[in-house]
Amino acid sequence: MTAITTAAGAARKAVAWATSAEDADKAARDRRQKGNEWASRRGGAGNAADWHERAESWERTRDKAVAMANMWANVAGVMHLAEEGEPS
């Protein structure tokens, strides 16, 4: 793992995590939709439950990625202030 030493580096990390959050959100929505499709079918409750569990897993992944994106955005802001010589 490489150290982040600049505000720009931290900002890039924030963007990467935000992109991961968007991807996970799409995956969760797709799986939730598939689960809903199975739920509407006769005898599809078991498959629906599996798809909904997968959606929940992706939702947890999304939530973690959002938290990481926010953390790196905050780090970037503080590092930018430090680079500019401003008190944080």
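The values are calculated or read from the model by the stated rules, or taken from the named source; none is laboratory data. Owing to the predicted nature of the structure, the values given are computational and were not obtained by experimental measurement. With ideal geometry, Cβ positions are generated from the backbone for all residues, glycine too; neighbour counts draw on all protein chains shown. Calculation scope for accessible area: heavy atoms of the full protein, side chains included, ligands and nucleic acids excluded. Shrake-Rupley method; radii C 1.70, N 1.55, O 1.52, S 1.80 Å.
Scanning the range 1-50 for residues that are open to solvent by less than 40 Å² (accessible area, probe 1.4 Å) and farther than 30 Å from residue 81 by Cβ turns up 24, 27, 28, 35, 44, 48. Among the residues of the range 79-88, those identified as part of a helix (DSSP H, G or I) and open to solvent by 50 Å² or more (accessible area, probe 1.4 Å) are 80, 81, 82, 83, 84.
Scanning the range 51-78 for residues that are farther than 22 Å from residue 12 by Cα and either touching an Asp or Glu at 6+ places or on another chain (Cβ under 7 Å) or loosely packed, with under 15 Cβ neighbours inside 10 Å (or both) yields 53, 56, 57, 60.
Exactly one residue out of 26, 34, 64, 13 is among the basic types (Lys, Arg), more than 18 Å from the chain's Cα centre (by Cα) and modelled with pLDDT of 90 or more, and it is 34.
Only one entry of 29, 54, 42, 12 meets the criterion of being out of contact with any helix residue (DSSP H, G or I) (no Cβ under 8 Å at 6 or more places or on another chain) and assigned to a helix (DSSP H, G or I), and that entry is 12.
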